[in-house]
Amino acid sequence: MNEYVIKTEDLKHNIEIIKEKAGNEVIGVLKADGYGLGRDFLASALKKEGITSFAVAEVSDIEPLRENVLDDTDSLLVMRSTCIEDEARIIASNDCIATVGSVESARILNEAAQKVGKVVKANIKIDTGLSRYGFLPEETDTIEKVYRENGNIDFIGIYTHFSSAFTNEALTKAQLNKFLNTVEQLKSRGINVGKVYAASSPALLNVSGTELDAVRIGSAFTGRVITKSRLDLRKIGALRSQVIEIKNIKKGVSVGYSGDFTAKRDTVLAIVPVGHADGLGYEKTQEINSLSQLIRRMLSPLKKFLKKDCLTVKINGKTAKIVGAVGLTNCTVDVTGMDVKPGDAVEIDMSPVNVRGNVKRIYE
């Protein structure tokens, strides 16, 4: 059986580094099943290290988290605006912090709060360039009305989310300035905006001055985030499997779907039961923010072919190349010249976000 192994000491190490780097409040983001680490596991690990503010992207995560891990003293932000009445009711009923990014979402939330007899806490979201949720920076008149005309909403914060903090510091700082300018305009109108924050993991690690009152951190806990920072973050997680079969093929024989690999010599293959169904062969798409990045993206497959780049695994601690196309449930590994037999241990470096939910998580 394939297992994804997570070392808890490495996670603790990353949490402490992030807390020190942030300086202020750290909001632990639990979306995508805790970035693949396990939602409840990550929440519990963060609580043990003194983090009591959390965030989710899906309303369906709220009730399980409240039941299993988070108590009434833990704040829980829902990081998306919603105009769905049932979602607004769940947010209000479970004492979460809602995100309000439109006049309609404010109206729906205010009505839901009235129906459950509560004043619900909320944050205003400003859209500085990601173009998903949020008011535009110039909509200060509209935002002011939202603050003043929804009596069952207690607005305790305001935030934005950067579009390109992985790669574009100048654009991120421009978006930060837009956001802070909107905040100052609202303050000048006598509005108490509450907590002001903007940075997620890439902004905290790549762009100075984005820390503000709090930071939202998810991917940095896994140690797998695009960053210029020299922080000693440790990569979390490895998929463990085993060799299930050894196959000998002759020179000139093709391997896998479409015959992507042809043996240039007599070759020994190890068959490993890990494939696309487990998440192998998938990688997060990087952002494109300029023509030069687009050109690099287009040339990347050619460069990989010329350099003979390929996926690798470790068998008995030694690196070996995957050859041929990765299948749905298995891959083939060139172990020519290695002492490998069925049952030998295989370890694959994979981001927890890419590892499918069917793979059991093991915590060491």
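Taking the range 44-75 as the range and being of a type outside the set (G, A, S), under 17 Å from the mean Cα position of the chain (by Cα) and not in a helix (DSSP H, G or I) as the test, the residues that pass are F54, V56, E58.
Within the group S81, S93, S60, which residue is within 18 Å of D40 (Cβ to Cβ) and either among the charged types (D, E, K, R) or open to solvent by 10 Å² or more (accessible area, probe 1.4 Å) (or both)?
Working: S81 fails: within 18 Å of D40 (Cβ to Cβ); S93 fails: within 18 Å of D40 (Cβ to Cβ).
One residue alone meets the criteria, S60.
One line per residue, one yes/no per condition, for (1) over 28 Å from the mean Cα position of the chain (by Cα); (2) on the phi > 0 side of the Ramachandran plot; (3) among the basic types (K, R):
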site	(1), (2), (3)
S229	no, no, no
K235	no, no, yes
S241	no, no, no
I246	yes, no, no
G252	yes, yes, no
I271	yes, no, no
G275	no, no, no
G279	no, yes, no
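Out of all the residues in the range 48-107, which are more than 21 Å from I143 (Cβ to Cβ), out of contact with any strand residue (DSSP E or B) (no Cβ under 7 Å at 6 or more places or on another chain) and aliphatic (A, V, I, L, M)? Hits for the range 48-107 are V69, I84, I90.
Is it true that some residue in the range 231-241 is in contact (Cβ under 8 Å) with a residue 24 or more places away in the chain, touching a helix residue (DSSP H, G or I) at 6+ places or on another chain (Cβ under 6 Å) and under 19 Å from K314 (Cα atoms)?
Step one: of the range 231-241, the residues in contact (Cβ under 8 Å) with a residue 24 or more places away in the chain are 231-241.
Of the ones still in play, those that are also touching a helix residue (DSSP H, G or I) at 6+ places or on another chain (Cβ under 6 Å) are 231, 233-234, 236.
From what is left, the residues that are under 19 Å from K314 (Cα atoms) are 234, 236.
Checked the range 231-241: at least one residue is in contact (Cβ under 8 Å) with a residue 24 or more places away in the chain, touching a helix residue (DSSP H, G or I) at 6+ places or on another chain (Cβ under 6 Å) and under 19 Å from K314 (Cα atoms).
Counting only helices (runs of 4 or more DSSP H) that sit completely within the range 137-253, those holding 1 or more residues that are open to solvent by less than 50 Å² (accessible area, probe 1.4 Å) and touching a strand residue (DSSP E or B) at 6+ places or on another chain (Cβ under 6 Å) correspond to 140-148, 169-188, 201-206. Residues in the range 254-269 that are open to solvent by 100 Å² or more (accessible area, probe 1.4 Å) and at positive phi: S258 alone. If you go through the range 1-26 and keep only what is over 27 Å from K360 (Cβ atoms) and open to solvent by 20 Å² or more (accessible area, probe 1.4 Å), you end up with E16, I17, K19, E20, K21, G23, N24, E25.
Does T99 qualify as being more than 21 Å from G34 (Cβ to Cβ), at pLDDT 95 or above and buried (at least 18 other Cβ atoms within 10 Å of the Cβ)?
Working: more than 21 Å from G34 (Cβ to Cβ): no; at pLDDT 95 or above: yes; buried (at least 18 other Cβ atoms within 10 Å of the Cβ): yes.
So T99 fails the test.
The values are calculated or read from the model by the stated rules, or taken from the named source; none is laboratory data. The structure presented is a predicted model; accordingly, all values stated were derived computationally and were not measured. FYI the Cβ positions are ideal-geometry reconstructions off the backbone, even for glycines, and counts take in every protein chain you see. Side chains are part of the model used for accessible areas, which takes the heavy atoms of the whole protein and leaves out ligands, DNA and RNA. Shrake-Rupley method; radii C 1.70, N 1.55, O 1.52, S 1.80 Å.
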